[in-house]
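Peer 1: Please find one structure pasted underneath; my questions will follow.
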Amino acid sequence: AAHAWHVALGPHDLAALGMAGVGALTPLRPLPPAAAYYAVSPSAGWRCLILDAFDVSLLGCSRGSAGHAAALAALVRENPAVAAAAGAAADPLALPDPLAGLDGHARRFGPRGGGLSEGQLGWLREQLSLAEEAGERVLVFCHLGCLKDGCAAEGLLFNCDEAKAAVDSFAGTVAAWVSGGDPAGGYARDGHGVHHLALASAAHCQVNHDAFGALLVHDGHMTLRMVGAGPSPASRPQGWPDTLALPRSGKLVSAPPAGASFVFMLVSLWMRVLQALMVPVAPLLRMLTDESGQGQADRRQGMAAGDGGGSVALGRIPSATAPVPAPPAAEPGAPPQAAAAPGEAEEAQGTLV
């Protein structure tokens, strides 16, 4: 039954058993000098990556090795207590307060911490690239986390930023990063939809308290079933999530250049200003337009009426109904007047009007 287990070793395993004795816990872990990280595919469409969080460390690397030297250099640079111990030729692992003087995320640089080597980071990127090309989802299992504020600082990799950048480079491929370096437990979801689960440590539970669970994988989501200790109330007061949505597949579309975004913002702002200025003017423009249209209609009607019987200013005289005054009666004895020509009669009528 032990051959079905894949173990992400922690500092307690290494401190108690050493690198030579952990093989009993991890029968599928490659033996030295081969790298201790590997990949398995438990189901079609899924790839699990079991990382070695102590590839660069004091606990997981023998003295004189490249991993031990890189870890010691990082600790001396970032941890004042370790720097003082190294100057006095003391063992950093025996310090009574190895995190003295460290605050915030810097507390990940403890003597019992660890990180990923450059070789393992390159392998991680390669595996994520292969999974993306194959359309697979990836679950990463590593004793230490990569998301700052996703767990306690002591539960982070030395080079958590580099590991997180590798995951971000293949957005939508990694579904979850599962770790166990935060004794209190924690949960967070990053901007790409990756679930970061820091499982509570059973070694720090009270008597008769448990800390274990199962992550069930479905076609479109995952389900988390935890028993016993929950995540830290300070960071996750609502407890463990039940349903974990899968991140969107494929690469994220890159954002437009900063210059283009700035120009678009200026154009949008100018259009909004114009729209705001036009709001109080709109009723006046409609009124002027209506009056202008009515005046044009009146002039058109007047011109149409004038074609039949003439017009005076804007008034109209219908030619069919306008009465024509009778000529004055002739005086007795006056000679009869000659009839006017048709043109003269029309001129006279026009004059009378």
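Peer 1: Can you list the HN-Hα couplings for segment 131-141, worked out from phi with the Karplus curve (6.51, -1.76, 1.60; θ = phi - 60°), rounded to whole Hz and with x for Gly and Pro?
Peer 2: Listing the rounded values in order: 5, 5, 5, 8, x, 9, 8, 10, 10, 9, 10 Hz.
Peer 1: Rolling a 1.4 Å sphere over the protein heavy atoms, what is the accessible area per residue of segment 24-180, to the nearest Å²? It would help to have the intermediate numbers written out before the result.
Peer 2: Working: 6470 Å² over 157 residues.
Ligands and nucleic acids excluded, the result is 41 Å² per residue.
Peer 1: To continue, here is another question. Ordered by residue, what ³J(HN,Hα) values in Hz, to whole numbers, does segment 13-23 give under the Karplus form 6.51 cos²θ - 1.76 cosθ + 1.60, where θ = phi - 60° and Gly and Pro are x?
Peer 2: 5, 5, 5, 7, 10, x, 5, 6, x, 6, x
Peer 1: Also: Provide the net charge surrounding Val194, with neighbours chosen by a C-beta distance below 12 Å and charges set as Lys +1, Arg +1, Asp -1, Glu -1. Present the calculation step by step, with values, prior to reporting the outcome.
Peer 2: Numbers: positive: Arg137, Lys164, Arg189, Arg248; negative: Asp168, Asp190.
Taking every Cβ under 12 Å from that of Val194, the sum is +2.
Peer 1: Per the 1.4 Å probe, what fraction of the accessible area of segment 128-209, in percent, lies on carbon and sulfur atoms? It would help to have the intermediate numbers written out before the result.
Peer 2: Details: 1480 of 2930 Å².
Looking at segment 128-209 in its full context, I get 50 percent from C and S.
Peer 1: Across segment 96-106, in residue order, what do the Karplus-derived ³J(HN,Hα) couplings come to in whole Hz, using 6.51 cos²θ - 1.76 cosθ + 1.60 with θ = phi - 60° and x for Gly and Pro?
Peer 2: Per-residue couplings from phi come out as x, 9, x, 9, 4, x, 9, 10, x, 5, 5 Hz.
Peer 1: What percent do you get for the relative contact order of segment 1-146 when only Cα pairs under 8 Å and 6+ apart count?
Peer 2: Details: 200 pairs, mean separation 40.1, N = 146.
It comes to 27 percent, rounded to a whole number.
Peer 1: May I ask you to give the percent of accessible area on segment 8-90 that is carbon plus sulfur, with a probe radius of 1.4 Å? Can you show the working numbers first?
Peer 2: Working: 2440 of 3930 Å².
The C+S portion of the solvent-accessible surface of segment 8-90 is 62 percent.
Peer 1: With contacts defined as alpha carbon pairs under 8 Å and 6 or more residues apart, what's the relative contact order of segment 95-214 in percent? List each step's numbers first, then the result.
Peer 2: Values: 211 pairs, mean separation 27.2, N = 120.
The value is 23 percent.
Peer 1: Using a 1.4 Å probe on the protein heavy atoms only, what accessible surface does Phe170 show? Give it in Å² to the nearest 10.
Peer 2: Phe170 exposes around 30 Å² with every protein chain in place.
Peer 1: Let me ask another. Under a point-charge model restricted to the Cβ atoms of Lys and Arg (+1) and Asp and Glu (-1), what is the dipole moment magnitude of segment 1-141 relative to its Cα centre, in debye to the nearest 20? All intermediate terms of the calculation are to be shown ahead of the outcome.
Peer 2: Working: 9 positive and 12 negative charges, 31 e Å.
Rounded to the nearest 20 debye, it is 140 debye.
The values are calculated or read from the model by the stated rules, or taken from the named source; none is laboratory data. If you're wondering where the values come from, they're calculated on a predicted model, not measured in any experiment. Virtual Cβ from ideal backbone geometry, glycine too; neighbours counted across all protein chains shown. The protein model used for the area step is the full one, side chains on, heavy atoms only, and it has no ligands, DNA or RNA in it. Shrake-Rupley method; radii C 1.70, N 1.55, O 1.52, S 1.80 Å.
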